[in-house]
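Notes to accompany the following structure.
The values are calculated or read from the model by the stated rules, or taken from the named source; none is laboratory data. The shown structure was predicted, so the numbers you read here are calculated from the model rather than taken from an experiment. These accessible areas exclude ligands, DNA and RNA; they are computed on the full protein's heavy atoms, side chains included. Shrake-Rupley method; radii C 1.70, N 1.55, O 1.52, S 1.80 Å.
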Amino acid sequence: MYGSSPYISELSYDIDNRILTVTCVDNPDDFNPATSIVFSGVKSYSEESLGDSNADDIMDSIIGMNWHQENIFCLHTQKKEIMIELENEPVSSNLA
């Protein structure tokens with residue numbers, strides 16, 4: 001996440017290609033894409049909404065990311081917790 005804020009502009013899961021993409025912006029004012037993290041080779045995907053996850057006035061942001069177990073990654077945002085089992089390591093790209 002180096003060089004970006006934790007604020008998310010895109011969080012999408014492509015079930016056909018088994019790819020989760022998370023894009024964070026430089027800051028919440030300019031909202032320019034700064035960093036993208038691609039999780040490919042997703043073997044399983046589960047997501048749990050947290051609190052008032054449907055509130056439109058809340059900008060989603062990453063709270064934490066960590067390996068939960070071998071090959072199982074946890075992505076915790078302000079609105080949800082996502083658990084993914086991966087075949088590959090996540091890849092981060094600087095977009096700015």
Inset, instruction - When you have a sec, figure out the Kirkwood radius of segment 1-82 from all distinct Cα pair distances and drop it here in Å to one decimal? - result: 13.4
Inset, instruction - List, in order, the whole-Hz ³J(HN,Hα) value for each residue of segment 33-46 obtained from phi through the Karplus relation with A = 6.51, B = -1.76, C = 1.60 and θ = phi - 60°; use x for Gly and Pro. - result: x, 10, 9, 10, 10, 10, 10, 9, x, 6, 8, 8, 9, 9
Legend entry - Accessible-area composition of the chain, carbon plus sulfur, in percent [1.4 Å probe]: 44
Inset, instruction - Could you do me a favour and compute the accessible area per residue for the chain, 1.4 Å probe, result in Å²? - result: 60
